[in-house]
Amino acid sequence: KMSWFWFYLPLHLLMATYLCHSIKAPTASSQQSFKTDLFNFYHSLILADGKETTIHLLKDIPKRYYFVLEEGRALAPFSITVTPCDVPIEWSILVYKSPPSFPGKATPGDHYTQEVSKSQKTASMVSTIFSYKGNSVETYMGMPSHSALYLLEFLSTERDTHITVYLTTDTTSGHLYPELPMDPRIDVIGVGHTTVTLTWKHSPSVLQHGESIQYCLLVNEKHNYKSLCAAETAIRSSGMKLPPTLALSLSPYLLEPQQVMILSNSELSIINKVSSGEVRQVCMGTRNTYTVPNLSPSTQYYFDVFIVNLLTNASAAYTGTFARTLEAPEPKVTELKDGKVIHVVLDGKKQKSYSLQYQARHKKIHFTFQLCRGQIRVHITRNGKTVASENLSGLRYLSLKGKLLDTYLVQLRSTEDSNSSVKVQASPHFHKPLFPLLPESLKIKSFSKLRTCRSVTIAWLGTQEESKYCVYRKRIEEDQIWRKLQSADRCSGPESRHKSEKVLCKYFYDLNLQRAVTTETIKGLEAGTFYLFDVYLFGPSGIPVRYHSKVVKTRKKC
């Protein structure tokens, strides 16, 4: 393919061999040209044939590589593919040709030799055959007519970066890079509120090497990328680092030293949260239609498809596209009626918000919220202006003063992925509360020193209003404690409990809040066993309020 003899010549002899062919008699200009060329080659490296080379560029410092085509290969085509992996770069190809005539002799009747000055003749032997500035993947195809020495010069003027360069003098035995179809565009065939469906024409490489070829899709909110290494560089510069358990990468450039590459035609995806938004990578084998799920409404996304050779990790990029998801549909609004309780359940994944509307028939309105499960944020507007916004906790009363016929919009939003629920009431009559008067704390206290193998003693606070309190117990296993406490529905009443779990019901109150506390000793328990205790408080309306559950373990030995 190439004359390896040239590679081992000292660079100054190599340059002298080529340049002396084009110099008959030294002139000042030709001597300066020789010095410049010699300096360039002293700072050049040999570019490997048939191998992709990664080149790191420092800002404003050119880097040069060279290769030689011998006489026997002079009529064979060669190609050079340069892939910028970040910012735009400048690169060019210079060729040093030996003249067709014998060194030092002019061919009779050669008008070129007779009419052109020596300095001009020297310059004609060195020419720039290609130059480019940008960040696109560019390929130069050459068909030399003489043996020649080629110099490639690369320059980055924006910042330090890296590129890949692929030189081959054998363009007939296959391609390193997968082939793109004649029409490499990505078509958007469907857009929804949270989905975008894409399709693209098959690569010819899929039909030839189906097992080692796959399509990989990159989704982001910033812009399209013209190469896979450019996308990977952008992800890395944003500070993203793949977790060690996710060892999939689209190429080795993203892999950490301790990671391995998983090559599979099944669909695999990685979602990374970066400063510029979400970056999603999905590899789907050889399918050329894909629906991207779980997108945000009313958001513009950019989509890039890369055809990747899993054996060589070489890739080619389709022409990227973009699409904007549809705006979220207006949430359904439910009307709130005076004194009526509405139980709202929010699915943290599908339906994360719920809207309630209330038209005031009095100037002062009282909203009551009882958080049953999960985490919910409430946002209230009056005639379009925000009047309250906060996270709910336990039982919450909000009193708002406005005008007759004011319109209140109550928006409830789940702040976590699991299910959340809340009870809501709006009423102008605060003297007829839905829920009972509450104590300062809804915590249940247990006394460690009063624990025995068969009994435990618990206490809780009461109020100045005579109310009914019911105590329930349930035996649980130690590994169930966390799940039971997290999944407890704080709005459910004793009707959801088994009759055997009921311990007692009692009435009490004290006008002196300092003494409004009661204790109860629960007997008939088993030694060394965990029990879950609940206390329910009932008010005039009969709707209960559940105290925070308490887990107590009886003594193992007494």
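The values are calculated or read from the model by the stated rules, or taken from the named source; none is laboratory data. Since the model is a prediction, treat every value here as computed from it, not as a measurement. Cβ placement follows ideal geometry from the backbone for every residue including glycine, while neighbour counts extend to all protein chains displayed. Surface accessibility is based on the protein's heavy atoms, side chains included, excluding ligands, DNA and RNA. Shrake-Rupley method; radii C 1.70, N 1.55, O 1.52, S 1.80 Å.
Couple of notes before you dig in:
- Heavy-atom accessible area, probed at 1.4 angstrom with all protein chains present, ranks 304, 49, 60 as 60, 49, 304, highest first.
- Placing 141, 125, 284, 182 in order of accessible area, with the largest value first and a 1.4 Å probe, yields 182, 141, 125, 284.
- Between residue 418 and residue 158, the distance separating the two model label sites (each 7 Å from Cα on the Cα→Cβ line) works out to 4.6 nm.
- Multiplying the residue separation of residue 502 and residue 403 by 0.36 nm and subtracting their alpha-carbon distance yields 30.9 nm.
- The aspartates and glutamates whose alpha-carbon is closer than 19 Å to the alpha-carbon of residue 59, local same-chain residues fewer than 8 away aside, are 86, 90, 153, 158, 160.
- With a simple spin-label model that places each label point 7 Å from the Cα along the Cα-to-Cβ direction, the separation between residue 487 and residue 357 comes to 3.8 nm.
- Largest-first ordering by accessible area, 1.4 Å probe, given options 550, 364, 403: 403, 364, 550
- Contour excess over end-to-end distance, with Cα ends at residue 294 and residue 189 and 0.36 nm allotted per residue: 36.1 nm
- For the residue pairs 385/423; 502/557; 449/506; 484/557; 340/506; 401/445, the alpha carbons lie more than 30 Å apart in 401/445.
- For region 333-427, the Kirkwood hydrodynamic radius comes to 13.2 Å, computed from all pairs of different C-alpha atoms.
- Note that region 444-553 presents 56 Å² accessible area per residue, ligands and nucleic acids not counted, probe 1.4 Å.
- Here the calculated FRET efficiency for residue 343 and residue 455, from their Cβ-Cβ distance with R0 = 41 Å, stands at 0.65, rounded to the nearest 0.05.
- Backbone N atoms of region 370-397 closer than 15 Å to the 7 Å Cα→Cβ label point of residue 328 belong to residues 376-380.
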